Amino acid sequence: MNCSISGEVPEDPVVSKKSGLLFEKRLIERHISDYGKCPITGEPLTADDIIPVKTGKIVKPRPVQAASIPGMLGMFQIEWDGLMLSNFALEQQLHTARQELSHALYQHDAACRVIARLKKERDEARGLLAQAERQIPMAATTAVVPTAVSNGKRVAEDEDMGPDGKKIRPGISHSVIETLTECNAGLSQQRKKRQIPATLAPVDAVARYTQLNSFPLHKTNKPGILSLDIHYAKDIIATGGVDSNAVVFDRPSGQIISTLSGHSKRVTSVKFAAEGELVVSGSADKTVRVWQSSENGNYDCRHVLKDHTAEVQAVTVHATNNYFVTASLDSTWCFYDLASGLCLTQVADPSESEGYTSAAFHPDGLILGTGTSESLVKIWDVKSQANVAKFDGHVGSVTAISFSENGYFLATAAHDGVKLWDLRKLKNFRTFTPYDENTPTQSVEFDHSGSYLALGGSDIRVYQVASVKAEWNSIKTFPDLSGTGKATCLKFGPDATYIAVGSMDRNLRIFGLPGEDQMEG
């Protein structure tokens, strides 16, 4: 007997008094409560009109699918498929949850960085405001205006002095910092896209370099070339000598363009600036001079800067060609505006007392590297003038410092040789000790492409630049033909097509491929 509503065997059967039809109790009761009539005949029906039927335990027949093995396998397959679909849906939900969590963590990290940057900018702004408040009373009485007369002597002026007896500097303004930051962003972007130029001298060519020329540029009674710089576009070379002169020399013609006389002691550092129109020289007479090219080809002194109280050991020009830094044995470095010759800030490390013996800007311009007389290498943030890193391990004064164009490598030279530093991890990853303990390394220099490294001491050695872990192979060793045993300075020419070397005699030597641009020395 089957229920008249569901058509299935009822679990709790009842019979209608009026129609005699069989129903499932729960179904007919629900229908009566909703409609109050029989679902089959349509005549009125109440709960009192249905009578329970006493039956034995009803066993439901198996479904057709469970009546055979193939049917049961099909049921199992359907259940398995349902389970797999459910598992797949759960995995999809897990993947989505992980992505949302990762995005949330990234946003949190970005927010933390923004907050840190804003805090730093706030602190810098407070510092600049405090500095401006200190200078306002002084500015009301006098103003420092850098002026110069034709002979290069700065006009006498009243210097603003602070309560500690030191000169008050205007500081690196926000506009200057913006200029430095924009230059840094542009150069960093270019570096990511940079490629080794096709015109770069190949390794096999550098291995065949030999001395091409020797030019006597300085006086015989005080021999010695202490520094040199090359302006690549014009292919002119500036040298600084023990004879207190700087010389600007045209390499292709082999002629001296101008002799820059004015320092009273040896010229320790020279640098070109402003497309070769300016030369900046530092000297042991404690002064820095800015020389400007004139219509007749000579270089006339434009500024004499007397902000240091000891020997000026290094000069380095910023990539903007608008600013330069000088480093001195008086334990300070100065940041100058090139056009006015004004010292914007003079930085001393209160925790140290050693003098600076070398300095160089990072190619991007926001980092300054300095070497000290106490074997330390210091890395500075130019914007905040804060010492952000120190490298130790050298023996003797750090005589030279050079950043690679790739922005990652720093080479430093001292009495014990050359050390290479990875600026990303702030650690030394290679050391060259080319000479014995009594022979210092005087100079070190990367070429402009960052492909070669040269160092000078009792000879000149050239290495092929590699990665941190790969071996840096020695390409060529040139003997020091000056007979002095001291190659004091060196620099690669454009595309490393030649190497200019200064020694403790009066001659500038050019090493390159025989037969190319060769002239009689």
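Quick rundown of the values:
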| read-out | value |
| --- | --- |
| Dmax and Rg, reported as Rg then Dmax, of the stretch 302-353 (C-alpha, Å) | 11.0, 35 |
| Per residue value of the accessible surface for the chain (all protein chains in place, 1.4 Å probe), Å² | 51 |
| In nm, spacing of pseudo-spin labels at Asp392 and Lys306 (7 Å Cα→C-beta vector) | 3.8 |
| Cα lying deepest toward the dipole's positive end in the stretch 248-406, options Ala327, Ala348, Ser258, charges on Cβ | Ser258 |
| With DNA, RNA and ligands ignored, accessible area of Glu275 (1.4 Å probe; Å², nearest 10) | 120 |
| Asp250, Asp392, Asp81, Asp422, reordered so the largest accessible area comes first (probe 1.4 Å) | Asp392, Asp81, Asp250, Asp422 |
| Where Met75, Met1 fall by accessible area, highest first, once all protein chains stay in place (1.4 Å) | Met1, Met75 |
| The stretch 413-521: Cα Rg divided by the 2.2 N^0.38 Å rule of thumb | 1.10 |
| Cross-link reach list, lysines versus Lys18, counting only Cα pairs under 19 Å and skipping chain neighbours closer than eight places | Lys37, Lys54 |
| Share of carbon and sulfur in the accessible heavy-atom surface of the chain [1.4 Å probe, %] | 53 |
| Inter-label distance for Thr220 and Leu513, nm, one decimal - labels placed 7 Å from Cα along Cα-to-Cβ | 3.7 |
| FRET efficiency, Lys119 to Phe88 (Cβ-Cβ, R0 35 Å, nearest 0.05) | 0.15 |
| Ala274 versus Gln65: modelled label distance in nm, points set 7 Å from Cα along the beta carbon direction | 9.2 |
| Computed magnitude of the charge dipole of the stretch 310-423 (debye, nearest 20; Cβ of K, R +1, Cβ of D, E -1) | 160 |
| Pairs of lysines in the stretch 176-288 (C-alpha under 29 Å apart; 8 or more residues apart or interchain) | 16 |
| Length added when fully stretched, Gln131-Thr484, from 0.36 nm per residue minus Cα-Cα | 122.0 nm |
| 16 Å tail of the calculated P(r), the stretch 35-125, as % of Cα pairs | 80 |
| Rg ratio (alpha-carbon, reference 2.2 N^0.38 Å) - the stretch 337-400 | 1.16 |
| Nearest-10 value in Å² for the accessible area of Lys306, using the 1.4 Å probe | 130 |
| Probe 1.4 Å - accessible area at Glu471, Å² to nearest ten | 120 |
| Dipole of the chain, positive direction: furthest Cα of Gln292, Leu455, Ala274, with charges on the beta-carbon | Leu455 |
| Cα-centre dipole for the chain with unit charges at Cβ (Lys and Arg positive, Asp and Glu negative), debye to 20 | 700 |
| Glu8, Glu29, ranked by accessible area, largest first (probe 1.4 Å) | Glu8, Glu29 |
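The values are calculated or read from the model by the stated rules, or taken from the named source; none is laboratory data. None of the values given here were measured: they were computed from a predicted structure. Note: ideal-geometry Cβ built from the backbone for every residue, glycine included; neighbour counts use all protein chains shown. These area figures cover heavy atoms from the full protein model, side chains too; ligands, DNA and RNA do not enter into them. Shrake-Rupley method; radii C 1.70, N 1.55, O 1.52, S 1.80 Å.
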